[in-house]
Amino acid sequence: MSEENIVYIGNKPVMNYVLAVVTQMNNGAPEVILKARGRAISRAVDVAEIVRNRFIPDMDIENIDISTEEIAGSDGANTNVSTIEIHLKKDN
């Protein structure tokens, strides 16, 4: 899986990420991975559902990976942050 097939979800509007996924699929990418952490997780789920329901109906969620990352805070204490990876694949 190449790095350009990964869409990192942040604080931009949902449709920006939907456009990124649809553009990659239209350019021939067989699979796109959505990655998000913390509060952006719900936005990643929204992106996956909007792409599937409105733009690319033959897209499937191949896999969902969830995990926790430890982030070093500015005060030296570590904080746990939830992460998600949603693997979207087009049916052929």
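The values are calculated or read from the model by the stated rules, or taken from the named source; none is laboratory data. Bear in mind the structure is a predicted one, so any value in this text is a computation, not a measurement. A quick note on method: Cβ atoms are made from the backbone with ideal geometry, for glycine too, and the neighbour counts reach across all protein chains shown.
D58 meets the conditions (1) loosely packed, with under 12 Cβ neighbours inside 10 Å; (2) in contact with a Lys or Arg (Cβ under 9 Å, 6 or more places away or on another chain); (3) charged (D, E, K, R); (4) closer than 16 Å to E85 by Cβ in every case but one. The failed one is (4). Taking every residue in the range 26-49 that is at negative phi and assigned to a loop (DSSP other than H, G, I, E, B) and pairing it with any residue that is modelled with pLDDT under 95 and surrounded by fewer than 20 Cβ atoms within 10 Å (Cβ to Cβ), at least 6 positions away or on another chain, the pairs with Cβ-Cβ distances below 6 Å are A29/N5.
Rundown of residues vs (1) at pLDDT 95 or above; (2) surrounded by 10 or more Cβ atoms within 10 Å (Cβ to Cβ); (3) basic (K, R), yes/no style:
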| position | (1), (2), (3) |
| --- | --- |
| L19 | yes, yes, no |
| I33 | yes, yes, no |
| R37 | yes, yes, yes |
| R54 | yes, yes, yes |
| I84 | yes, yes, no |
| K90 | no, yes, yes |
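Of all residues in the range 4-25, exactly one satisfies the criterion of being part of a helix (DSSP H, G or I) and of a type in the set (G, A, S), namely A20.
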